[in-house]
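Read-outs throughout are calculated quantities, based only on the coordinates presented, and are distinct from any laboratory measurement. Here the structure is a predicted model, which means the values were calculated and not measured. Glycine gets a Cβ as well: all are built from the backbone with ideal geometry, and neighbour counts include every protein chain shown.
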């Protein structure tokens, strides 16, 4: 078979160009450390690498989100620790103030200290993070959560908390609202509250009370009315008598509908006390009520004792509430740590797979480079030898 010179040259040049392209790719692979540069190199492999890189990118973002959440929760945890210290100090002052031997001037001095503690608590509630976002405003991060007008502190933030995704199927609250931490604190003993009427003239002081038989308790507003220093009648909100007593003495507990409520001192005829279904109370209002009690000039010592006793219970409730929120914060921090550990482990595994798919095997690539260089040199040498052949070389 005869092969035209032009055909031979085209075939030879094509083969050498292919060898040069293969050699150039191998050299580029060795220079970059990558064997996949585009989908043309390995469509299936490149598709896998792209998919894995998307997963790595998402996992990296989850870790970043987790860091942001952890930072916010750590700031909140510190704020609640500081708030708890303020409340502990306020509680100590309340115990100190609940002493009938104190003079009015001494109580006013304690009230001044409580006023400072109230301002300290406000400052904690209005703390911001490193980006000047409010810690306790919920999703209204740019709104100062607490404001004070006269003796009333109001919450101006949102009732919602931002949810941050820290894993493919896990979202977590990045904080807590000021309402949850400071405002919605269970009142009284959590079931009912007690109070003495400001017009009472006796020395009777009502305690917080306890629930003895929960199934017997009927939520309502009850009035304990003393018809004499030793006799009383308990009526509900409709005026129906639910209990009576005729031999009351200092320190006895009044029992009805599954509850027991201690009364110390001697009530006067006509003195009344109320027992009402518990709701929620503001921690700020608790401190303000203590201040009002200590600065009042019209309350009897018995009413001062009753109100301070109620405030002490309310402070304990506020501390307990903060402890519960802190426990929730701790659980969320643990969840973030666990999620980040899993994400980082996943990133390591995915990166290993991507490396296996796209990184160069240097030993194999160097062997291939040497083979391609030898092949190209042989092709070039063979082409040069054959190209010089001519029939005229054999004519004499």
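Subtracting the Cα-Cα distance from 0.36 nm times the residue separation, let me have the gained length for residue 128 to residue 106 in nm, one decimal.
On the way: separation 22, 0.36 × 22 = 7.92 nm, distance 3.60 nm.
That pair, residue 128 and residue 106, stretches by 4.3 nm at full extension.
In percent, how large is the relative contact order of the stretch 76-231, given Cα pairs closer than 8 Å and 6 or more residues apart? Show your work: numbers first, answer last.
Working: 146 pairs, mean separation 19.5, N = 156.
Rounded, it is 13 percent for the stretch 76-231.
Taking neighbour counts of Cβ atoms within 10 Å as a proxy for exposure, in what order, fewest first, do 144, 69 appear? The partial results should precede the final answer.
Values: 144 15, 69 26.
Ordered by Cβ neighbours within 10 Å, fewest first: 144, 69.
Between residue 241 and residue 296, what's the calculated FRET efficiency when r is the beta-carbon distance and R0 is 22 Å? Round to 0.05.
Details: r = 33 Å, r/R0 = 1.48.
That pair, residue 241 with residue 296, gives E of 0.10.
Distance between the C-alpha centers of the stretch 203-259 and the stretch 304-353? Whole Å please.
If you average the Cα positions of each part, the centres end up 39 Å apart.
Would you list 129, 271 from fewest to most Cβ contacts within 10 Å?
Details: 129 16, 271 27.
Taking fewest neighbouring Cβ atoms as first place, the list is 129, 271.
Mind giving me the FRET efficiency for residue 323 and residue 217? R0 is 22 Å, r the Cβ-Cβ distance, nearest 0.05 is fine. Working shown, then result.
On the way: r = 26 Å, r/R0 = 1.16.
Plugging the Cβ-Cβ distance into 1/(1 + (r/R0)^6) gives 0.30.
Tell me, in nm to one decimal, what length is gained between residue 168 and residue 268 on full extension, where the rule is 0.36 nm per residue of separation less the Cα-Cα distance? Each step should come with its number before you reach the end.
Working: separation 100, 0.36 × 100 = 36.00 nm, distance 6.73 nm.
Length gained between residue 168 and residue 268: 29.3 nm.
Starting from the Cα-Cα distance between residue 82 and residue 67, subtract it from 0.36 nm times their residue separation and give me the gain in nm to one decimal. Intermediate results must be reported in sequence, preceding the final value.
Details: separation 15, 0.36 × 15 = 5.40 nm, distance 2.27 nm.
Using 0.36 nm per residue and subtracting the Cα-Cα distance, I get 3.1 nm.
Among 304-311, 338-345, how do they line up from the highest to the lowest mean number of other beta-carbon atoms within 10 Å? Present the calculation step by step, with values, prior to reporting the outcome.
Values: 304-311: 23.2, 338-345: 16.5.
Those peptides, ordered most packed to least, come out 304-311, 338-345.
What residues of the stretch 316-355 lie in the reach of a label at residue 60, counting those whose backbone N is under 18 Å from a point 7 Å from the Cα along Cα→Cβ?
340-355
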